[in-house]
Structure formats: structure tokens, C-alpha cells
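Derivation of every value follows stated rules applied to the coordinates shown; laboratory data play no part. This one's a predicted model, so the numbers in the text were calculated from it and none came from an experiment. All Cβ positions, even for glycine, are placed from backbone atoms using ideal geometry, and neighbour counts span all protein chains on display.
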Amino acid sequence: MAHSARRDSPELPDFSVLKRLARDQLIYLLEQLPGKKDLFIEADLMSPLDRIANVSTLKQHEVDKLYKVEYKPVVSTSDQLCFLIRPRIQTVKWVYVVNADKAAGKFKRYKIIFTPQKFYACETVLEEQGIFGDVSTDEWAFYLLPLDEDIINLELPEFFRDNFLEGDQRWVRTGGSALHLFHSIYGPFSKVYGIGRCSKMVYESWREQVKEGEQKARQAEVGTVFLIDRDVDFVTPLCSQVVYEGLVDDIFRIKCGCVEFGPDVTSSDKSIKVMLNSQDKVFNEIRNEHFSNVFGFLSQKARNLQTAYDKRRGMDIKQMKTFVSEELKGLKQEHRLLSLHIGASESMMKKKTKQDFQELLKTEHSLLEGFEIRECISFIEEHINRQVSYLKLCPLSLYFFTGLLPKDYRSLKAQYLQSYGVDHLLTFANLKQLGLLVEQQPGETLTVMESKMGKLVNDKTAGKLTDAFSSLAKKSNFRALSRRLSLVPKSDEEYDLRVPRDMAYIFSGAYIPLSCKLIEQVLERDGWTVYNGINHLFQLAILTMSFIASDAQRIILVMFLGGCTFSEISALRFLGRERGYKFIVLTTAITNSARLIEAMLDNHV
Amino acid sequence: MMKSKADEEDYWNSSKFKAFTFDDEDDEFTKKQEVEPQLPHRVFPASCFLFPAGISWSVRETASSLREQSFPKIDTTPSLPKNSSGYSLSSLFKGKEGEREMMDCAAVSLEKFRSLQEKLLLLDEAVGVHDGNVITAVLIYLKKSLSKEVLFRELESRQTALRHFIHYLTESKEQRLLLELYRALGRTEDEALLQYKEHLRITDENKRRDFLKSCVSLPFSPEDAGHVQDHYTLLERQIIIEATDRQAETGGKVEIFQKFPRRASILNMPLITTLYYCCFYHYAETEGTYSSPANIRQTFRIAEKQYFVTALAARAKLKAWHDVDALFTSRNWLGFTRKKSPLSFSRVADILSKNNAPVQVLQEYVGLVDDVELRVALAQKYKCHFIVISTYRDLKDRQLLLGYRGKVERGSEEERKIDELLSNPQIRWKN
């Protein structure tokens, strides 16, 4: 199972610097408000904050009490309040709500620290509420959170919805700044490729920021960079994950590199939180493996462990002493991790058997191949009828995405609304807006429609429309594309999951993630023409090129705008091992099918 | 849905999809510059004129302390000017020096932009630099300084700005203005959906019902109008059912509510949950009542399969095996009964087994599974021995039957049955 990496694989840069940088900035900001203060932290900033500064660090800088922002009245006796929040209008409005002190004639000091940056719209709220100036604001430029030796997270899940659904480009500059920070520490980059519209904007924003600052000549630690838009590939995040780490994420939800295993895993009455990263030796060996291999591996591991324990039999006192002081601790640690992952595997197995996982996978694969569509529809229907959690209904979206007949669409939509509530009309509208739901227009080819529409609108919007049409083309042509790029390997051959031959192993040999395939193609052909037509389809472009050849060339940064899945990370790791690259994934968030669908929900106040 | 081969080739070869280059003609940014000749100078970076760029001054301190540990400089912000008054539009386009001065957000007041042309130019430039924060900032200013009619009209042809504006209004919950905007743009379906969404805020069920009623006449597509009508009708009934059942439950006279106390109110539940609830508590009611499953099925045009799945799940939960039996029994014109199901019998068995149905009930349905292999597999899974035995007999497979003998209990009825079959001279075994 331990894949032998190519010997010439380069070393990854050290990212702990990023944590230190973020922590020092935060401390500096806290010191701007001298004296004791209470700190209110936005709920989704708790875990990221925890990764870089613990409570005692905060206490050292005179943070008295810590609160979670809960949109409730505040009971704080401190005369200095500090709010550490995301730049969201809703949160800023809440800050005003707590600010009843002013009316009561109490004098307190307030400070809002926006992270990673402030937005004008938020300050407008303060202005409108008449407290602009009473509340000081600041920015904590905490962009890059290293989650593992090859994963850096922006922890901005809203990037996806804001950018791709709402069409709000507020995070473009954030993306540029994140890249800028990375570049200033690990650059200079020699090549930057962009895949997608947002990528290009982020690139431009970054270049703008580079112009503003200066760059010292230094040894590059990263050579090639990919920027890739999530909407280039919706199919991959919609598929059920079957690689260990992805599966754990699908079932238990990994949050900021940490997962909570419940009593069913720990076989005790307690839940425990576990960090999942390369430090966990057992996890590190199975994270990229197809789930079907994991049990075999773990039981082998358990047997080895037993043998190691057994060694102490027949030892004399002295040997025993060395054993206890040198080996036992390591063995115990391994033992603990092993039983944890065995517990997790069993629990996942149980859950998946209950959910007819096999059938679900079969349906997904059929949809990807475009075979047995009737069976797929009836499978989906049955799930809707039984009110299986709609988050597990990703084959439905997958089906929507790969194109469906109006008749089927209407019927499935009606049944969906009956099962999950009519307010999901809003979800459907969102899916449509995002382009995840593609209703086939019978008898009309794109070009006909395009010229028809083109006549109806004035020139200014025409460019925009062409954009929309090319993305429509991209989506309804998933199958054509899939054939072009051979994303679905031929099904008549047996696929040995233990010895993967390509990235398709992450989906049981049924599908190569489009995002990763594009990256592979670009690397293979060194950029230019991947395939005629495809470059345009994905707005694939070489954005920067210099001809510095260095070792860093083989260290590749892939920045996912809108999130990436653990499966994609596993696929890239595989690609890296095969070709002697090292990939670093920089993503706005870790995503999966449930998170993607959740981002589309609107049926709440 | 597959496109024909020819279509597909056309698509790939069409000149529309030429290779993309960085300096693509139809790029928004370059297009914007076409309007520029009216201006004295070139594009100014809109991202610069409102706010300090990215990492703020405070970071500089941190960064410089880190630099001692051989850190690269990450600060990007040049020092801000002290003096910051009296900018004209043209000074905004002055180039490098001007840009620097524009960084201070307090410094440049947008109030300087008075004419519509200037305002729109400002907006277009903001869009040109792809900074949503700046686009929204300009929009907030335009919202304050332009009449709705003019603003809406100008936004119509500026899609990127329009989407920012819509998002801003959504986030700041300016419902009314957003509705007006949709109306002005003729986006009637968006208008309808937005109005419909309001029902989520109404907690009082009677008010919510009345609100939903008013939503029915909104300009939805005919299809969606039907769904909204259903939503209203459903809530109306749920209110009636809830009132009656709550009373029945507290009255303590109705057995089923005593035996299975309701865990939650039925208000605002989806239709299928409601149907399940009614199949659970009101199964035998005649079609005349609002809570009768038959009535619900008819009113909401529930598909046969959907109805069966739900009724089956509810009755199985109650272990009302007789009802389950009746659900699938149909009589032909001669009066013979047979089992019929809109969903596969394997699925029926699955649902039953998940509700802990006894083997006697299960085997009835497992036995009806057409596919022999699947039938045997299910029968083994659910321990329906007699089904396995009779299937092997039908297959005339003596070996399998013999093998199965080892799996049933010693001295059980199943064993006796197997022995009886094995010794039956009339069966012509194939092996």
C-alpha cells in the first residue's frame, strides 16, 4: 500500500511560517486595544483560529472572556469588546444590536476585526446605524491556513455561492491577496495557468498587487501554478466519494482538518475529536486508498502490531526495560490510531450498507456513462419517494447536470417537492441559475438559439450571453467532453483498485475527475493546445510564463476557486507520485456533494 | 440525452469555439475600454481609490518584525497621503500619483461624481477591475444618489453590476426595493419567487396560510403556480388536522394517540410526511375527511408508487400486517385475488424487513420476486427458508437443496420439508 514515490520527487516547502505570520498579526491587532477585553468570535472562525492560536495565547494578550457570536444579546461586563468576524452584513448588524450601551449612556470601546478583509458594505451598515467611528474596525489578513503538509485552506466556503451563484466578485481580490501572500513567501512562480473566468480575474488582481509591492529576488519554492474555477467541473464534487479520506468527509464531515468520531466509532460512550493529517501515521497510509483496500490493510497492520507486542515474551529484564522505554509508546500510539480507524471503517461500512451504497454508486456510474438512464431515474424516484435525505440525492443533481428530458424533469421536480417541501422551489431556481440543472431544449441546437437570442438583445449584453451560452454548451456537452478527454475508462476491462493505473481509481475506476484531468493534460502538453476547442471551453489560458528552469518547477500549486474535494486531492497526489511532481492544494474550502447542495439551499429565513 | 455524432463534431469544429487567448477580444475588460476615448486619461484602478489595498498598515509592523527572520516583505500598501481634498474626476485619472492618493477611502469622496455619465463610468471601471467590494461600494453610492428609475434602467444593460446589486439588496434584506427592481426588469418569476420566499419569515400558521394563498396569483410559471397552490392547500389542511388531532390526543380517548403519542406537530411538514402521518393515524377514514389518506392522494395527485411506498412504510411501522396485505391484494373480475405492486417486490420486502416484519409476512413478498437469483438471495438474507426450498425445488436442483439442508435447524419443519422433497419420486431432479 505504501506507494513507492519516484525518487526525484521534490520536497514540499514548510508552511508553518504561515501560521506564525497569521498569529503575529492577530496579536498585533489585539494589542491595538490595550487592557482587558472580551473577544467575540464568529462561529466558523473558531476552528481556524484554534489552529493558529490557543486560548492561552489569547489570554496572554489580555483577552478576558471568549464568546461565540450567536446573534443573541450580549452579557459582557467588560468595558472593551472586540469582535472577530467575517465581513458579513448580518454579523455587523448584530454588532449594532448589542450596542445598546450607547443608549444607556455607558462608555465602552468596541473594535471589529474583519478577516480576511473588510468590505465597504459592512462599514456602510455601521454608518447607517450611526455608530461609524464609535466602533473601530481593522483587518486581520488571515488568508492561508495550512491544514496539512500539502493542503492550504482559505476556509471561505461562501466563496462558492457568492461567486458562482450570486455573481458577486467580492472574493476575487481576496483570492488575489491569498495568492500574493503565497507568492511573496514561496515564489516567484515561473508559470501560471488559469482555467475558468474567475481564475483570470484572481490572476489579474494578484498581478495588480504584485505591481503595488516589491518582490525580492529569492529562491523559488514553487514553480508552476494552476488556478481553477469550481464551475469548470461540477461533476466531480457531486459524486459519492470512495477514497478513505473523502468517505470520512462524506460521512463524518471533516472540519478544518479535524473530525469528531461518535460513540459508534470509539465503541465507548464518548465522542472524540481527531486531527486527520499526515502526522497520523496510520491515516497517512490509508487516506488516499480506495475504501475496499482499507480493511485488508488495517488488519495486516493489526497483525504486525501483535507481532511487535509479542516480542516482549521471552525477554529478560534488561531487554524489557529497553522495550518499554523505546518501543512501547510508539506501539501504544499506533494501537490507538489503528483501533480508531478500524472503528471508523466499520461504522462507515454499516452506514453505507444501510443506504444501498452499492446501488447508489452503480447509478452514479451509469449516469456518468450515460447508460441505463431509465433505471437511474427509477432509482432516484424511489429515493425521493422514501424521503432519503436530500443531501444524499446527489445523483439527482448529477442527472440534472448531465441533461434531462423536460418530461422527466417535471415529474422528478414534482415528486421532489412533495417529499421535501414546496419551498425547495427556491433550491431549484438556484440550481438552474448556477447551471447545475440543465433542461434540454428539444430540437434546438445551441447556435440556432444563440442567434435568435442575439437578435433580441443589444450589443452590450450580447457578450455576456455568449458567455452564458458557452457555459451552457460546456454543461450539456458533458458526455461529448467526457469522450474527448476519456474521463470514463472503458468498462469492459477489469480495474484493479489495489494497483491503480490512473486517477480514475478514486471513483472505483469509473471516472477521472475532470479538474485533475485538465491539469494532467496541461502538464503533459506543456500548456498550449490541450485539445482543439477545449481551451476555449474552459477559458484555459497561460497567464504568465518565464523560462526559469528550476527544481521548483516540479512543485505545483493548484488553487481551487470555489472549493475542492478530498478525492481530487487524492487524485493529484496519485498523479504526483506517478510523474514525480509534488502538488500543493490551495483551496477556498474543502467541499463535497452535501456541501455543494447545501450551498444552494434557500429554504430558511 | 446524447447529441448525435454530427452535432457534436459541428460543435467542436465551429469557429465560435476558437482557442482562447489571454487577450481575447470579447473580454469584458477590453470591451470596457471602448468607452474610454471620452476620457482624458487611461483606465484607473478602481480597486485603489476606495480602500487601502489588501493587507493593511498594521500588517506591515508584523511583517517587518518577521523580516528579521528572513521573511519576504508582504506589505503592499504605500503610505497614505495626509492631504486629501479637492479631487476632480480628471484627477482620478492622473496616473500613478493620483492612484496612490485614491487609496484612502476617506479621502476620495464619491460625492464628486455628479453627472450620470461620471457615475456610470465609475461603475464600469469598478466592474472592469473585478473587485466586487468596489463594485458594491459604487452601487451603494449610486443607490443613494440616483433615482430608482434611472438606476434600474442603467443596470439592465450591466449584468455584472446588476448581480452585485441584487446580492447586496438580498443581504441587506431590502426586499421591497429588490421586488421593484425585478418588476422594472420584467423578471416576473424572480419577483414571484422572492415574494413567495417571504412566507418563511411568518411563524404564525394562519398568517402563513393566508400569505401563501396570496402567493398563488403571483406570476409564476404555470407549473410552479401549481406547486404553490399545493403548498397553500397543504398548509390549510395541516392546520385543520393539527387542531383536531391535538384535541384528540389531549382528550385521551383515541387509542392510537395514546399508544403512539405524536412526536411533533404536522404543521409545515412536506406533503409526503403528511401522507405518512395520515396513513399512520387516520388510515381507515373515509374519503370524506381531510385527513384520510385517500383524500390526500387524490387532492395532491400523488403518484401510485409514491402512495404505496408511504402507506406501506406507515402500516409496517404499526405492524398492521393485515393492512399491508390488503394494500397489495387486488381482485380480478372473476373474484380471484392476486398480489400487485407498483414497486418491485424486492423493495417491498426491504421496507418490511426494515420494520422488523416477521418471516411469515416477509416470505409472502419475497416469494413474488420474479428474478430467481434475487429471490433466493433475498430469501436467504431474510431467512425465508421455505422460499429457498421451494425455489430449489422449482429449479429441480437436488444438490442445492441438499446443501441447504445443512443450513436449517435440526428437526425443524424446514428440514422435514426438504427431506420430504428429496424423497419425492415424482420430482425429476436435474442433478
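Summary table below
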quantity: Neighbour cut-off at most 15 other Cβ (10 Å), DSSP loop, GluC sites (Glu not before Pro), segment B:199-250; calculated: none
quantity: Alpha carbon Rg of segment A:244-354, scaled by the compact-globule rule 2.2 N^0.38 Å; calculated: 1.20
quantity: Total lysine pairs under 16 Å (Cα atoms) in segment B:272-431, excluding pairs fewer than 8 apart on one chain; calculated: 12
quantity: Label-point separation in nm, B:E285 to B:R114, each point 7 Å along Cα→Cβ; calculated: 7.1
quantity: Footprinting exposure proxy for A:V232, B:V359, A:V75 (fewest neighbouring C-beta atoms within 10 Å first); calculated: A:V75, B:V359, A:V232
quantity: A:Q433 paired with B:K253, simple spin-label distance in nm, labels 7 Å along Cα-to-beta-carbon; calculated: 5.2
quantity: Prolate/oblate/rounded label for segment B:109-186 (Cα gyration tensor, a/c 1.5); calculated: prolate
quantity: Highest-first arrangement of B:346-352, B:407-413, B:370-376, where packing means the average Cβ count within 10 Å; calculated: B:346-352, B:370-376, B:407-413
quantity: Amide hydrogen neighbours beyond the local backbone of A:I112, cut-off 5 Å, H modeled; calculated: A:F83, A:S136, A:T137, A:D138
quantity: Rounded, prolate or oblate (a/c below 1.5 giving rounded, otherwise prolate when a/b exceeds b/c) for segment B:373-431 by Cα gyration tensor; calculated: oblate
quantity: Partner chain coverage, peptide A:136-142 - average Cβ within 10 angstrom; calculated: 3
quantity: Sum of side-chain charges, B:K305 neighbourhood, beta-carbon under 9 Å (Lys, Arg +1; Asp, Glu -1); calculated: -3
quantity: Residue mean of other protein chain beta carbons inside 10 Å, B:165-175; calculated: 4
quantity: Amide H within-cut-off set for A:L586, under 5 Å, with H built and near neighbours excluded; calculated: A:I152, A:V558, A:M559, A:F560
quantity: Selection of trypsin sites (Lys or Arg not before Pro), segment B:229-259, meeting DSSP coil and at most 10 other Cβ within 10 Å; calculated: B:K253
quantity: Cβ-Cβ FRET estimate between A:D14 and A:Y96, R0 fixed at 51 Å, reported to 0.05; calculated: 0.75
quantity: Environment charge of B:T337, counting only residues whose C-beta is closer than 13 Å and scoring Lys/Arg +1, Asp/Glu -1; calculated: +2
quantity: Exposure proxy order (Cβ contacts within 10 Å, fewest to most) of B:V134, A:V225, A:V388; calculated: A:V388, A:V225, B:V134
quantity: Per-residue Cβ neighbour rank within 10 angstrom, fewest leading, B:L162, A:L66; calculated: A:L66, B:L162
quantity: For A:G580, distant residues with modelled amide H under 5 Å away; calculated: A:R6
quantity: Per-q log10 I(q)/I(0), segment A:15-142, q = 0.19 Å⁻¹ (Debye; single scatterer per alpha-carbon; no solvent); calculated: -1.08
quantity: Radius of gyration and maximum dimension Dmax of segment B:319-430, Cα, Å; calculated: 15.4, 45
quantity: Around A:G133: net Lys/Arg minus Asp/Glu count, Cβ-Cβ under 11 Å; calculated: -3
